[in-house]
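Beneath this line is the structure, given in structure tokens, with notes to follow.
The values are calculated or read from the model by the stated rules, or taken from the named source; none is laboratory data. Note that the structure is a prediction, hence the values are computed from the model and not measured. Quick reminder, even Gly has a Cβ in these numbers, built from the backbone with ideal geometry, and neighbours come from all protein chains shown.
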Amino acid sequence: MGRGGSAGTLAGPEGHGALDVVLEGLRRLEYRGYDSAGVAVITGNGIESRKKSGKLTNLLDELQANPLPESLTGIGHTRWATHGGPTDRNAHPHLADGGKLAVIHNGIIENFAELKRTLSAQGVEFVSETDTEVAAALIGELFRGEAGGDLTRAMQLACQRLEGAFTLLAIHRDQPDTVVAARRNSPLVVGLGDGENFLGSDVSGFIDFTRRAVELGQDQIVTITPDSFEVTDFNGKPAQGREFQVDWDAAAAEKGGFASFMEKEINDQPEAVAQTLLGRAGLDGKLQLDELRIDPSQLKAVDKIIVLACGTSAYAGQVAKYAIEHWCRIPVEVELSHEFRYRDPIVNANTLVVAISQSGETMDTLMAARYAQEQGAKVLAICNTNGSTIPREADAVLYTHAGPEIAVASTKAFLAQITAAYLLGLYLGQLRGNLFTGQIRDILADLAKVPAKIQTVLDDSDQVKKLARTMADTRSVLFLGRHVGFPVAMEGALKLKELAYIHAEGFAAGELKHGPIALIEEGQPVFVIVPSPRGRNSLHAKVVSNIQEIRARGAKTIVIAEEGDTAVQAYAEHVFYIPETPTLLAPLLATVPLQVFACELATAKGYDVDQPRNLAKSVTVE
Ligand code: M6R
């Protein structure tokens, strides 16, 4: 299983060598994943492939040691492992049909276990832990059988049986001048050259060779030859992609046309949440974790949860506390990892430690998790980086599938962590019998609607950006929230601090009167995260009172409220609305305008939002 970049190419006799094109494409796509890389080409001897775990440079070394012959047809992949560790064996391409077929894949095939069982019963043997190999085997079986040796037909038939999200590329020895690709909920673009055609996860995969591109629609299949491309749907009915001219330079192409990785990653969030939700319900409709090395009876006996994390990940942990305590009735403490070890924490075999880390390498969190394990606690990691140290050492793992996060400021990983924490809460609620199956189903249904709602917030973010640009000279911004709005407020403040180097603080709105209200003076900008008026009404009313209190003292109030909440308008200089959603899930929406605000304001100040001063993406020192 992978979630990386794929580049495929088909070059005509006048075109570039396939291997050179694929490697160049992978070099440009490496930002999408760098756990392993691999290529396959069609030669006179059939399919030949090389693959290596680690960065692309490992594959280049391998190709130097074991070169591949010249070829005009090839595919390549750079992987961001989701399930199945980042090993040589799990790297793509995966071969099938006796080594005559090679397949690469991004995404998650949800019904792979069921397909694997069926194919195994038919005598197919698997060598990796990936779902990609299952897709390859399925295409191979169909190619030899029902599709009558037609790769496009085999792909169509296979896609009719696959569930989940995928971009698949396949080549077969018996059709040496063809590459077939399919997409569902995962990107795929065709590049149209002169006597050569290309495929890529995005245009950066072929931008050095052509600027003419065709974007495929949902559930479409494309077959390319050196001088043709043909699009169908999964049933074989002719279809059309959208042709466009790429007018980005190569650097912009890697960022999906956005000015920065951070902006791209903010815009990736609907997909990050959707991918994190994907494939969590098993065949029996029950939730499952990625790796579970804890006996479920021990999880049932857990009487306390301690979340350990730093920075943004710790704010995700604070959101988790509200959800897990509400759903599972287990006390949850959230502690900064670097503080945990240096007091005398009460931890025992009935404590479940949840270590949240995007990178999986944060030394503070790693050391704290190790300490907890030494005290007898079980550690469950919520992590975005497959194969990193924290999940490797943990007793259980729930991966966020946000894809690689390049910008130092965490955005999509935060929303994915919160999503994973909700899944953990539901899992524990299911296991311990705190939640009925129907309740879990309803919450999952609400979660499934969130990606489209995030997209709405992004689509409506022009006013937030406009406001940010007018505030470039602001010296201090405060953020207030209650309940799950409190960690959102702190995350909004952190984003502004780290990107725009502006003093910013997030407060619990109720704490204001105990001191921070003294900071309010004429013109002080204050963001207020207002809870839904549909939820516990007292909560909404209290926050509205807080807005009045600070407004009376001169604050310039900027309010994030739920659509239809007209009550706040009278007290707000600016209101940004987010779609309706249950209160506990609201952080997935309310955070987005704050990220957009910080990114835009820092950009207006001329700062590099991808690499803010003094910071590192992964903090591997204590
Ligand atoms: O990789 P981790 O999630 O363990 O990293 C934790 C923090 O260092 C990280 O969230 C940091 O606060 C970010 N720069 C926030 O944007």
*Selected residue (only one of THR400, THR385 is under 18 Å from GLN275 (Cβ atoms), of a type outside the set (A, V, I, L, M) and free of Cβ contacts under 8 Å to residues at least 60 places away in the same chain)*: THR385
*Yes/no for ALA323 being within 16 Å of the ligand (Cβ to nearest atom) and either without any contact (Cβ under 8 Å) to a residue 12 or more places away in the chain or assigned to a helix (DSSP H, G or I) (or both)*: no
*When LYS264 is evaluated against the numbered criteria (1) crowded, with 19+ Cβ neighbours inside 10 Å; (2) more than 21 Å from the chain's Cα centre (by Cα), which criterion, by number, is the only one it fails?*
(2)
*What are the pairs, 6+ residues apart or on separate chains, where a residue within region 492-521 that is free of Cβ contacts under 8 Å to residues at least 24 places away in the same chain and at positive phi has its Cβ under 6 Å from a residue that is among the β-branched types (Val, Ile, Thr) and crowded, with 18+ Cβ neighbours inside 10 Å?*
none
*Would you mind finding the one in PRO525, PRO533 that is modelled with pLDDT under 95 and farther than 30 Å from GLU254 by Cα?*
PRO533
*Please enumerate the residues belonging to region 110-132 that are among the basic types (Lys, Arg) and surrounded by fewer than 18 Cβ atoms within 10 Å (Cβ to Cβ).*
ARG117
*Could you run through region 115-140 and say how many residues are among the β-branched types (Val, Ile, Thr) and within 20 Å of ARG173 (Cα to Cα)?*
4
*Which one is farthest from LEU292 (Cα to Cα) among residues in region 327-338 that are in a helix (DSSP H, G or I) and within 14 Å of the ligand (Cβ to nearest atom)?*
HIS338
*Take region 380-397 and flag every residue that is out of contact with any Ser or Thr (no Cβ under 6 Å at 6 or more places or on another chain), within 14 Å of the ligand (Cβ to nearest atom) and assigned to a strand (DSSP E or B).*
ALA381, ILE382
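Condition check ((1) under 25 Å from the mean Cα position of the chain (by Cα); (2) buried (at least 16 other Cβ atoms within 10 Å of the Cβ); (3) in the same structural domain as GLN275 (by TED's automatic domain parsing)) across all residues:
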position: SER49; (1), (2), (3): no, yes, no
position: ASN66; (1), (2), (3): no, no, no
position: ARG79; (1), (2), (3): yes, yes, no
position: HIS92; (1), (2), (3): yes, yes, no
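If you take the residues in region 407-450 that are of a type outside the set (Gly, Ala, Ser) and within 12 Å of the ligand (Cβ to nearest atom), which one is modelled with the lowest pLDDT? Full working, then the answer.
Just the residues of region 407-450 that are of a type outside the set (Gly, Ala, Ser), to begin with: 408, 411-412, 414-415, 417-419, 422-424, 426-428, 430-432, 434-437, 439-444, 446-447, 449-450.
The next check asks that each one be within 12 Å of the ligand (Cβ to nearest atom); those that pass are 408, 411-412, 414, 417.
Values: VAL408: 92, THR411: 98, LYS412: 97, PHE414: 98, GLN417: 98.
That would be VAL408.
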*asked:* So GLY107 ticks every box in (1) surrounded by 24 or more Cβ atoms within 10 Å (Cβ to Cβ); (2) on the phi < 0 side of the Ramachandran plot but one. Which box is left unticked?
replied: (2)
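Got a number for residues in region 347-366 being touching a strand residue (DSSP E or B) at 6+ places or on another chain (Cβ under 6 Å) and more than 9 Å from the ligand (Cβ to nearest atom)?
Of region 347-366, the ones touching a strand residue (DSSP E or B) at 6+ places or on another chain (Cβ under 6 Å) are 351-357, 360, 365.
Among the residues that remain, those that are also more than 9 Å from the ligand (Cβ to nearest atom) are: 351-354.
The qualifying residues number 4.
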